[in-house]
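The values are calculated or read from the model by the stated rules, or taken from the named source; none is laboratory data. On a predicted model such as this, the values are computed, not experimentally measured, just so you know. FYI the Cβ positions are ideal-geometry reconstructions off the backbone, even for glycines, and counts take in every protein chain you see.
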Amino acid sequence: MTLENTIIYTKEELIARFHEIAQSGWIPNARPGNHGGIGNTLEDLLGIEENNLPIPNAAEWELKSQRLKTSALTTLFHTEPSPRAIRFVPQVFLHSYGWPHKNAGVKYPENEMSFRQTINGNSRSDRGFKVVLDREQSKVLISFDSNHVSDKHIDWLKTVNNRIGLNELDPQPYWGFDDLFHKAGTKLHNCFFVKADMKKENGQEYFYYENIFMLKGLDLEKFISGLEKGNILVDFDARTGHNHGTKFRMRQNCLPMMYECTTTII
């Protein structure tokens with residue numbers, strides 16, 4: 001899309017356009033096979049570039065979308081933990097805590113290792129990992145406790161013991177509250193949160209844009225509380241040949257809880 005034909009909306013015009021789209025009923029998926037089809041189709045209907053809501057004289061706005069009737073997590077943003085110089089995910093997690101990749105020797109080399117964990121602050125994973133908040137030092141840390149490793153991973157735990165031992169991570173990877181909130185704020189300070197139902201007929205997907213919320217003023221304490229309660233999760237996804245990046249992800253319907261002001265548009 002060129003600058004000449006970029007559509008500029010006021011918030012009022014954008015809200016009116018949302019109402020028009022919702023009243024249109026079931027709309028064909030404009031990007032078949034794309035996991036971001038709900039958001040991409042909506043962007044096409046609005047005539048805007050991906051994740052760019054051109055609203056003048058206002059703070060940046062983000063467009064986030066989610067399917068109704070799903071337990072899938074919403075990805076908020078990507079950011080690697082500190083200390084950055086260590087390159088913690090590939091150099092520590094993958095090297096010292098990884099396990100053989102399920103496609104090792106098939107799709108990947110025989111020595112391909114994997115480290116995939118989606119962890120939260122409410123309970124430990126079956127491999128003993130958890131998100132821990134240190135409010136005194138204003139840090140979100142990752143913790144490991146071998147006592148919480150499931151019996152089904154006992155052979156893996158023995159390899160961890162041989163590689164690095166079974167103590168707490170030292171140093172512990174972390175994100176500072178302010179740095180994390182700045183990262184979240186650049187993507188999510190203000191956003192329109194769209195939820196759509198989906199159906200499939202004759203092999204074609206259709207979306208019905210059922211709920212739209214205007215979210216203003218991402219709140220640091222609410223964001224940190226979301227991590228503490230397990231509504232926001234940290235997702236590690238690395239293998240020997242590639243680190244897919246560390247993601248902060250959110251459970252279904254929890255995004256409005258992170259804001260100072262939530263307005264229901266539809």
* To do: Working only within region 216-239, note down all residues that are β-branched (Val, Ile, Thr) and either at pLDDT below 95 or part of a helix (DSSP H, G or I) (or both).
  => Ile224
* Asked: Out of curiosity, is Asn147 surrounded by fewer than 16 Cβ atoms within 10 Å (Cβ to Cβ) and closer than 22 Å to Glu228 by Cβ?
  -> yes
* In region 95-130, the residues that are touching a His at 6+ places or on another chain (Cβ under 6 Å), part of a strand (DSSP E or B) and basic (Lys, Arg) -> Arg127
* Search region 110-133 for residues that are over 15 Å from Arg239 (Cβ atoms) and pair each with any residue that is in a loop (DSSP other than H, G, I, E, B) when their beta-carbon atoms are under 6 Å apart and the residues are at least 6 apart or on different chains. => Ile119/Ser125; Asn120/Gly230; Gly121/Gly230; Asn122/Gly230; Asp126/Ser150; Lys130/Arg124; Val131/Asn120; Val131/Gly121
* To do: Among the numbered conditions (1) among the hydrophobic types (A, V, I, L, M, F, W, C); (2) closer than 30 Å to Ile27 by Cα; (3) in contact with a Ser or Thr (Cβ under 6 Å, 6 or more places away or on another chain), tell me where Ile266 comes up short.
  => (3)
* Looking at Glu168, is it in contact with a strand residue (DSSP E or B) (Cβ under 8 Å, 6 or more places away or on another chain) and in contact (Cβ under 8 Å) with a residue 40 or more places away in the chain? -> no
* All but one of (1) in contact (Cβ under 8 Å) with a residue 40 or more places away in the chain; (2) more than 17 Å from Phe88 (Cβ to Cβ) hold for Ser150; which doesn't? -> (1)
* Asked: So Glu60 clears everything in (1) out of contact with any His (no Cβ under 9 Å at 6 or more places or on another chain); (2) modelled with pLDDT under 95; (3) surrounded by 13 or more Cβ atoms within 10 Å (Cβ to Cβ) except one condition, right? Which one?
  -> (1)
* **Lone qualifier among Asp170, Asp237, Asp155, Asp219 - being surrounded by fewer than 16 Cβ atoms within 10 Å (Cβ to Cβ), within 26 Å of Thr75 (Cα to Cα) and not hydroxyl-bearing (Ser, Thr, Tyr)** => Asp219
* Asked: Which ones in region 131-144 are surrounded by 12 or more Cβ atoms within 10 Å (Cβ to Cβ) and outside any strand (DSSP E or B)?
  -> Ser138
* Structure fact -> Considering region 187-215, residues that are without any contact (Cβ under 8 Å) to a residue 12 or more places away in the chain and outside any strand (DSSP E or B), and then whichever is surrounded by the fewest Cβ atoms within 10 Å (Cβ to Cβ), we arrive at Asn202
* Asked: Give me the pairs: first residue in region 20-32 and closer than 8 Å to Tyr209 by Cβ, second residue in a loop (DSSP other than H, G, I, E, B), beta-carbon distance under 8 Å, and six or more apart or on different chains, which are they?
  -> Ala22/Ile266
* **region 63-81, subset hydroxyl-bearing (Ser, Thr, Tyr) and touching a helix residue (DSSP H, G or I) at 6+ places or on another chain (Cβ under 8 Å), residue surrounded by the most Cβ atoms within 10 Å (Cβ to Cβ)** => Ser65
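This table checks each residue for (1) in contact (Cβ under 8 Å) with a residue 12 or more places away in the chain; (2) acidic (Asp, Glu); (3) out of contact with any His (no Cβ under 7 Å at 6 or more places or on another chain).
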position: Gly217; (1), (2), (3): yes, no, yes
position: Leu220; (1), (2), (3): yes, no, yes
position: Ser225; (1), (2), (3): no, no, yes
position: Lys229; (1), (2), (3): yes, no, yes
position: Ile232; (1), (2), (3): yes, no, yes
position: Asp237; (1), (2), (3): yes, yes, no
position: Gly241; (1), (2), (3): yes, no, yes
position: Thr263; (1), (2), (3): yes, no, yes
